[in-house]
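The values are calculated or read from the model by the stated rules, or taken from the named source; none is laboratory data. Since this is a predicted model, take the numbers as computed values, not measurements. Positions of Cβ are generated from backbone atoms using ideal geometry, with glycine treated the same way; all protein chains shown enter the neighbour counts. What goes into the accessible areas is simple: the full protein's heavy atoms, side chains included, and nothing from ligands, DNA or RNA. Shrake-Rupley method; radii C 1.70, N 1.55, O 1.52, S 1.80 Å.
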Amino acid sequence: MKPLNILVIHGPNLNLLGSREPEHYGRENLAGINQSLISLGDSLACSVTTFQSNHEGELVDRVHQAVGSADGIVINPAAYTHTSVALRDALLGCHIPFIEVHLSNVHSREAFRHRSLLVDVAVGVIAGFGPDSYTLALRGLCNFLRSRQGNHS
Ligand code: DQA
């Protein structure tokens with residue numbers, strides 16, 4: 001099986017996971033989520049690289065850097081989901097397939113969280129499963145990429 005390179009991007013305030021609004025985001029911290037993704041990646045023949053930033057431009061730069069190295073992106077754009085034309089344009093311009101992830105079910109929350117500027121250009125979206133949203137997205141993205149290669153796992 002050809003190894004895949006997956007970039008996992010976490011947007012603003014996700015560095016606070018563990019203590020941030022646990023009623024929405026649970027008690028697991030970002031290091032724990034990243035470790036689970038790296039371990040799952042090992043079992044899926046997937047090399048997982050993680051990145052977090054609170055800054056829109058840094059997220060855009062990281063997407064640009066992924067061209068030529070990442071086969072796919074799992075991204076929790078956090079608040080930038082609802083506002084960032086720049087991130088949408090970066091993902092569109094770089095042609096890297098991506099899955100949008102949310103820990104919480106954004107559709108059961110405030111109306112401003114119901115709109116995503118990324119979802120219509122994503123391969124798919126997973127929301128509401130806490131940290132499992134990321135692992136489900138990683139599995140889904142790997143299967144999607146392998147089926148495109150004609151090498152479904
Ligand atoms: C979030 C949902 C967003 O609306 C919010 O701004 C976040 C986290 C989630 O993972 O549920 O920061 O993306």
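For region 14-29, a tally of residues being surrounded by fewer than 17 Cβ atoms within 10 Å (Cβ to Cβ) and under 26 Å from SER69 (Cα atoms) returns 1. Take region 117-150 and flag every residue that is touching a helix residue (DSSP H, G or I) at 6+ places or on another chain (Cβ under 6 Å) and within 9 Å of the ligand (Cβ to nearest atom). Once the filter is applied, which keeps residues that are touching a helix residue (DSSP H, G or I) at 6+ places or on another chain (Cβ under 6 Å) and within 9 Å of the ligand (Cβ to nearest atom), region 117-150 yields only ALA127. Checked across region 31-47, the condition of being in a helix (DSSP H, G or I), farther than 19 Å from CYS142 by Cα and not basic (Lys, Arg) holds for at least one residue. Among the residues of region 37-60, those identified as open to solvent by 50 Å² or more (accessible area, probe 1.4 Å), over 22 Å from TYR80 (Cβ atoms) and not charged (D, E, K, R) are ILE38, SER39, SER43, SER47.
Taking the conditions exactly as written (surrounded by fewer than 19 Cβ atoms within 10 Å (Cβ to Cβ) and touching a residue at least 12 places away in the same chain (Cβ under 8 Å)), does SER133 satisfy them or not?
No, not satisfied.
Residues that are in a loop (DSSP other than H, G, I, E, B) and in contact with a Ser or Thr (Cβ under 7 Å, 6 or more places away or on another chain) were ranked within region 120-135; the one that is nearest to LEU37 (Cα to Cα) is PRO131.
Screening the candidates VAL74, VAL67 for the property of being within 15 Å of the ligand (Cβ to nearest atom), not acidic (Asp, Glu) and not in a helix (DSSP H, G or I) yields one hit, VAL74.
Residues checked against (1) under 18 Å from ASN54 (Cα atoms); (2) open to solvent by 20 Å² or more (accessible area, probe 1.4 Å):
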| position | (1), (2) |
| --- | --- |
| GLY72 | no, no |
| ASN76 | yes, no |
| ALA79 | yes, yes |
| LEU92 | no, yes |
| HIS95 | no, yes |
| SER104 | no, no |
| HIS114 | no, yes |
| PHE129 | no, yes |
| LEU141 | no, no |
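May I ask you to list pairs of residues, at least six apart or on different chains, whose Cβ atoms are under 7 Å apart, with the first in region 91-119 being assigned to a strand (DSSP E or B) and the second being among the aromatic types (Phe, Trp, Tyr)? So the pair list comes out as VAL101/TYR134.
Taking the criterion of being away from the ligand (no atom under 12 Å from the Cβ), free of Cβ contacts under 8 Å to residues at least 12 places away in the same chain and not polar (S, T, N, Q), the residues of region 23-59 that qualify are ARG27, ALA31, ASP42, GLU58.
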